[in-house]
1. Would a scan of the range B:159-168 turn up a residue that is part of a strand (DSSP E or B), under 30 Å from B:N295 (Cα atoms) and in contact with a Pro (Cβ under 7 Å, 6 or more places away or on another chain)?
2. Going by what's in this entry, would A:I21 be described as closer than 21 Å to A:N344 by Cα and either at pLDDT below 95 or hydrophobic (A, V, I, L, M, F, W, C) (or both)?
3. With the condition kept exactly as written, say whether any residue in the range A:375-382 is within 12 Å of chain B (Cβ to nearest Cβ), under 30 Å from B:A228 (Cα atoms) and not in a loop (DSSP other than H, G, I, E, B).
4. For the range B:80-111, which positions are closer than 29 Å to B:D40 by Cβ, assigned to a helix (DSSP H, G or I) and not hydroxyl-bearing (S, T, Y)?
5. Check B:K226 against each of (1) in contact with a helix residue (DSSP H, G or I) (Cβ under 6 Å, 6 or more places away or on another chain); (2) modelled with pLDDT of 95 or more; (3) within 9 Å of chain A (Cβ to nearest Cβ) and name the one condition it does not meet.
6. Output the number of residues of the range A:196-223 satisfying the condition of being closer than 25 Å to A:N143 by Cβ, in contact (Cβ under 8 Å) with a residue 40 or more places away in the chain and more than 10 Å from chain B (Cβ to nearest Cβ).
7. Among (1) exposed (fewer than 15 other Cβ atoms within 10 Å of the Cβ); (2) closer than 21 Å to A:Y313 by Cβ, where does A:G34 come up short?
8. Go through the range B:200-222 and give me each residue that's among the aliphatic types (A, V, I, L, M) and assigned to a strand (DSSP E or B).
Protein chains: 2
Amino acid sequence: MSGELESLEQVLQGHIPGQEIKEVWRILYGKEPGILDLPDVAVNAASQGQFELKGFILEAATEQLRRPRIVRVGLIQNKIQTATTEPVVEQIYALHKRIATMVEAASTCGVNIVCFQEAWTMPFAFCTREKLPWTEFAESAENGITTKFCQELARKYNMVIISPILERDESHGDVLWNTAVVISNTGAVLGKSRKNHIPRIGDFNESSYYMEGNTGHKVFQTAFGKIAVNICYGRHHPLNWFMYSMNGAEIIFNPSATVGELSESLWPIEARNAAIANHCFTCAINRVGTEHFENEFTSGDGKKAHHDFGHFYGSSYVSAPDGSRTPGLSRVNDGLLVVELDLNLCRQTSDKWNFKMTGRYEMYAEELARVTKADFQPDIVRE
Amino acid sequence: MSGELESLEQVLQGHIPGQEIKEVWRILYGKEPGILDLPDVAVNAASQGQFELKGFILEAATEQLRRPRIVRVGLIQNKIQTATTEPVVEQIYALHKRIATMVEAASTCGVNIVCFQEAWTMPFAFCTREKLPWTEFAESAENGITTKFCQELARKYNMVIISPILERDESHGDVLWNTAVVISNTGAVLGKSRKNHIPRIGDFNESSYYMEGNTGHKVFQTAFGKIAVNICYGRHHPLNWFMYSMNGAEIIFNPSATVGELSESLWPIEARNAAIANHCFTCAINRVGTEHFENEFTSGDGKKAHHDFGHFYGSSYVSAPDGSRTPGLSRVNDGLLVVELDLNLCRQTSDKWNFKMTGRYEMYAEELARVTKADFQPDIVRE
């Protein structure tokens with residue numbers, strides 16, 4: 001990992017002098033977020049636990065009729081904790097243990113809603129195309145050991161937990177799904193949201209394991225605001241973000257697993273564009289580190305067979321509806337990003353920019369319906 | 001203008017050392033574009049004419065069955081050339097003269113398709129809410145003096161010209177539109193594309209002058225590829241880019257007029273996201289400079305009446321479907337950006353990422369149709 005840049009923002013701040021960095025920051029990242037004071041107990045826990053801890057504030061204007069609706073979100077990115085050759089149960093428990101430590105730190109930071117990375121209980125082994133042992137990591141969304149583990153944390157810390165796992169659906173022929181389980185701060189399973197768009201790119205055709213989700217664009221009304229989960233590859237599909245937003249989401253989480261060469265220049269663009277286009281907050285979470293697999297595999301890129309498929313670059317961040325964003329977490333280390341949001345900023349930005357009022361959705365509903373027809377003819381003007 | 005940063009990229013390259021700037025560039029801007037050699041005659045013309053000239057190359061892989069489909073696009077950003085109090089005709093002719101110089105330089109750079117900024121024949125006076133003299137800048141798209149001027153240039157230089165003007169539509173009750181006229185390299189008017197989404201924000205309610213366009217999402221088959229024009233505020237609407245793309249656009253031009261405080265942090269995000277999401281090239285063009293108006297006006301922001309509404313920050317750039325982009329033109333000077341594209345990159349990227357294959361448009365057509373109903377109920381899960 002020694003060759004990896006640790007953080008883009010660190011480089012910018014380290015080299016660009018004071019009078020220019022402010023303008024550079026404004027153009028690149030919008031209005032600068034405030035710094036959130038974090039308690040010593042959390043800072044010490046991060047230092048002891050060897051994970052990065054950062055806190056920011058994204059503010060809204062004061063209104064007369066609504067109080068500020070302050071929510072603290074926690075984004076957790078982490079490496080796998082054991083070799084991928086260890087017994088499945090030990091791999092899972094090691095991750096549970098890691099997450100328990102980080103969620104405890106989040107609770108001391110006052111986090112209300114925490115979201116983990118995609119398929120967080122396992123290595124992202126779908127590149128291997130092997131079924132065993134990877135499908136053994138799948139669990140019931142309603143009563144698997146990971147959901148039970150999260151329910152305990154949720155109750156203990158009064159925290160909403162978004163737990164993206166590989167789901168085994170026994171009620172529908174024992175199939176697998178890529179699913180985020182949403183657990184209320186009461187400990188109840190509020191529901192689940194399945195990955196809507198499945199990649200066939202690079203090392204992956206994830207449809208070897210699970211198909212396109214069938215849970216639509218559900219939004220979860222929690223004690224801390226209306227939230228939705230757009231898993232990984234759904235990030236590339238503007239209509240996916242849009243439908244979560246039209247169902248009322250104020251914060252859309254995007255738990256992901258994506259590597260440098262493929263997607264890193266897309267990473268700062270897509271979730272942020274979604275926050276802007278939909279007048280909501282978006283939280284982009286990526287795993288971190290490089291995962292090695294015992295059996296080699298190929299990637300359809302003309303290169304030799306290999307044992308890993310690249311560096312997960314972390315860089316988790318939060319975007320606000322006004323186009324501003326926080327710096328990202330590290331590209332190489334585990335991390336917890338705590339961001340205090342005022343949800344009033346969603347409606348304030350909507351009232352300012354009016355994208356949903358000027359969106360002409362009836363026109364697009366008609367055009368989109370035409371596009372889906374097999375005999376659709378593009379509207380092309382020729383000389 | 002002395003307080004304005006001239007160029008974000010200049011600051012980055014000026015301060016960040018060699019070993020780090022490459023990684024910073026990759027993360028921020030994707031694969032670095034090649035530098036296009038420009039002829040001395042163009043360099044001299046730019047120097048004499050006091051406009052910036054930059055050239056880049058965005059490459060594609062070599063294929064067996066298709067030759068590279070190389071196109072050079074030219075993006076022109078410019079200040080108005082006279083005081084806004086000068087006679088209308090003189091303002092228009094001064095801009096014609098300026099553009100003639102810059103298009104001539106573009107022709108020596110081998111530009112095949114050139115696009116000017118939004119409402120390029122006039123100051124962007126819609127902030128004033130006055131009708132005269134501003135509506136006098138409106139012209140027929142088919143046979144106004146500006147279209148005739150562009151037809152001459154098109155024939156002379158064998159160049160496709162996209163000319164965004166304020167249109168007077170005599171055939172439909174003499175109404176106004178915000179319209180891009182597309183002129184073939186043969187000199188024929190190929191057609192027109194009207195602004196689909198009209199802002200009501202900040203200094204503007206542009207619907208005081210013209211309403212939402214009725215030309216849909218036409219794509220123009222030119223000798224140099226299939227192109228479309230998404231005017232200004234349509235940039236914020238992902239569905240707008242999407243429909244141009246579904247009609248076959250390989251390059252979508254976005255002639256704009258937008259100022260710093262309002263939108264600058266959105267500027268690098270939206271057109272680039274559109275290139276990524278739709279597997280096409282996008283060309284974002286913004287005017288430059290500050291325009292002063294004789295009569296003061298207010299902006300609904302609690303501030304005093306004033307005579308200008310801020311700094312147009314230029315920064316025109318081109319994005320490629322693979323997520324890479326060129327640096328932007330200056331934030332303060334007139335400029336011509338020449339970019340050589342290989343259109344084969346569109347299909348290559350589409351075949352790699354498959355967003356249109358994984359897009360599930362039938363699902364969205366249904367959902368969008370539901371959203372437009374007055375009795376639509378968001379899908380919200382409650383405990």
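1. Taking the range B:159-168 as the starting set, the residues that turn out to be part of a strand (DSSP E or B) are B:160-168.
Among the residues that remain, those that are also under 30 Å from B:N295 (Cα atoms) are: B:163-168.
Next, only the ones that are in contact with a Pro (Cβ under 7 Å, 6 or more places away or on another chain) stay: B:164.
Within the range B:159-168 (the criterion being part of a strand (DSSP E or B), under 30 Å from B:N295 (Cα atoms) and in contact with a Pro (Cβ under 7 Å, 6 or more places away or on another chain)), the answer is yes, since at least one residue qualifies.
2. Working: closer than 21 Å to A:N344 by Cα: no; either at pLDDT below 95 or hydrophobic (A, V, I, L, M, F, W, C) (or both): yes.
Here the answer is no, as A:I21 does not meet what is asked.
3. Step one: list which residues in the range A:375-382 are within 12 Å of chain B (Cβ to nearest Cβ), which gives A:376-382.
From what's left, under 30 Å from B:A228 (Cα atoms): A:376-382.
Keeping just the survivors that are not in a loop (DSSP other than H, G, I, E, B) gives A:380-381.
Yes; the residues of the range A:375-382 include at least one that is within 12 Å of chain B (Cβ to nearest Cβ), under 30 Å from B:A228 (Cα atoms) and not in a loop (DSSP other than H, G, I, E, B).
4. Selection gives B:A94, B:L95, B:H96, B:K97, B:R98, B:I99, B:A100, B:M102, B:V103, B:E104, B:A105, B:A106.
5. (1)
6. Residues in the range A:196-223 being closer than 25 Å to A:N143 by Cβ, in contact (Cβ under 8 Å) with a residue 40 or more places away in the chain and more than 10 Å from chain B (Cβ to nearest Cβ): 3 in total.
7. For A:G34, the failing item is (2).
8. Within the range B:200-222, the first condition is being among the aliphatic types (A, V, I, L, M), and the residues that meet it are B:201, B:211, B:219.
Within the range B:200-222, B:I201, B:V219 meet the criteria.
The values are calculated or read from the model by the stated rules, or taken from the named source; none is laboratory data. Predicted model, so just to flag it, every value in this text is computed and none were measured. Here the Cβ is made from the backbone with ideal geometry for all residues, glycine too, and neighbour counts use every protein chain on show.
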